[in-house]
1. Just to be sure I follow the definition: excluding the sites themselves, where is the longest run in the chain that has none of the GluC sites (Glu not before Pro) in a DSSP loop with at most 14 other Cβ atoms within 10 Å?
2. Which ³J(HN,Hα) values, rounded to whole Hz and listed in residue order, are derived for region 261-278 from phi using the Karplus coefficients 6.51, -1.76 and 1.60 in 6.51 cos²θ - 1.76 cosθ + 1.60 with θ = phi - 60°, glycine and proline given as x?
3. I need the Kirkwood Rh of the chain: take the reciprocal of the average 1/r across all distinct C-alpha pairs and report it in angstrom.
4. Can you show me the helix-derived [θ] at 222 nm for the chain, built from DSSP H runs with n ≥ 4 at -39,500 (n - 2.57) apiece and divided by the number of residues, rounded to the nearest 500.
5. Please list 2-12, 94-104 highest first by mean number of surrounding beta-carbon atoms within 10 Å per residue.
6. Highest GNM mean-square fluctuation, the chain, Cα pairs closer than 10 Å: which of Phe303, Phe244, Phe198?
7. Skipping prolines and chain starts, which residues have an amide H placed within reach, meaning under 5 Å, of the one on Ala285, given they are 5 or more residues away or on another chain?
8. Starting from one equal scatterer on each C-alpha and no solvent at all, send me the Debye-based log10 I(q)/I(0) for region 125-247 at q = 0.16 Å⁻¹, two decimals.
Amino acid sequence: MIKTDIIIIGAGPVGLFTVFEAGLMKLRCHLIDTIPQIGGQLSELYPKKPIYDIPGFPSILAGKLVENLMEQASPFNPGFTLGERAEKIVKNNDNSFTVITDKNTEHNAPIVIISGGLGSFEPRKPKIDNLSFYEDKGVNYMVKNPENLNKKNVFISGGGDSALDWAIYFAENSDNRVGLIHRSSNFRAHKESVEKIFLLEKQNKIKIYLNSQVTKLKGENNLNQIIISDDSGNNTEVKSDHWFPLFGLIPRLGPILNWGLKIEKNAIVVNNSLDYSTNIKGIFAVGDINTYQGKLKLILCGFHEATVAVKAAYKLINPEKKYVMKYTTIQGVQGFEKNN
Ligand SMILES: Cc1cc2nc3c(=O)[nH]c(=O)nc-3n(C[C@H](O)[C@H](O)[C@H](O)COP(=O)(O)OP(=O)(O)OC[C@H]3O[C@@H](n4cnc5c(N)ncnc54)[C@H](O)[C@@H]3O)c2cc1C
């Protein structure tokens, strides 16, 4: 059981900034995110796009903002459960909450702050017979531990940045047999990545199957072979230990709808005149996931909401203490030791 002061569901920009604000108040945080990387929409949808409305930054790349937010939060040593979706929240007799993920990791804290954005990013799955049988037995929609896949036959499907980035990674970094399968001959990924992948093919580090799709999966207990069919009707059977269909992610509120929270317009209703608390005492919602009159789904609004919510969380955790706001220019940033 992971124990902390605040469980943050969603490691997007608002969740990351929540760690910093909580740290200033000497509260420790642990973040959970369905995707194996931090940054939410900024990392998943537009890492290379400049953002122009972050105060103090006339222009900053989304990926760089995520890096900066992580650097700002790092003195407070947040914990992470990445690649797992928060599935259930249980209220305990001592009024604390236990948050359980789809991989059964349990987290306990007196406060939960939901910064789940548009919902958890779920993979777009291909339509293939027996797909679910091979999930986690050779078929995965995210690459979590690439270092464990050395000397394996790895196939990737997709034509976007994620598919090409991983195909390049495996072709360059490991002793794999690597294949990239794409249903068209045009790629959506960045031009440099497309040029790189064809160069790697020339160097025999990867085999590219264009105008092709995986149509069949085979293997007794685990994935062993895939059948690749091209648009002319030719089928190629190849040995494959791992197949990553990387067709992008779509956000879904999913389990959040079942937690007894008041929901309107696909978002969590909060008290914005006070502290962004939800209808369940001890649970707050900040960033794109919440709704109230006049709500704007902007990063800077989420930062403000997180700051206010954390102060209310402090009062719930320390009812006997008086909270006095101090400027960072006066108190500085006193980080935490690891595991302390
Ligand atoms: C193309 C594009 C351009 C944009 N440009 C701007 C801009 O210029 N300026 C601006 O201010 N905003 C912009 N936005 C909006 C901005 O990205 C969002 O306001 C911001 O990402 C919200 O941050 P967040 O932390 O609330 O949520 P998100 O960034 O959506 O992060 C939420 C995270 O929560 C996770 N999550 C959700 N549910 C669960 C669960 N049950 N378990 C585990 N994890 C979960 C998700 O996987 C996700 O990673 C843009 C958005 C897009 C798509």
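All of the numbers you see were taken from the coordinates with simple rules; none came from a lab. Note that the structure is predicted; figures quoted are calculated from it, not measured. Here the Cβ positions follow ideal geometry from the backbone for every residue, glycine too, while neighbour counts run over all protein chains shown.
1. Working: sites that count: Glu220, Glu320, Glu337.
Longest run free of exposed loop sites: 1-219.
2. 8, 6, 10, 9, 6, 6, 9, 8, 6, 10, 8, 7, 6, 10, 7, 6, 6, 9
3. Values: mean 1/r = 0.0460 Å⁻¹.
Taking the inverse mean of 1/r over all distinct Cα pairs, the chain comes out at 21.7 Å.
4. Details: 8 runs with 81 residues, N = 340.
Value at 222 nm, helices only: -7000 deg cm²/dmol.
5. Details: 2-12: 25.0, 94-104: 15.1.
Descending mean neighbour count gives 2-12, 94-104.
6. Comparing Phe303, Phe244, Phe198 in the GNM, the peak value goes to Phe198.
7. Ile114, Thr278
8. Each listed q corresponds, in turn, to -0.70.
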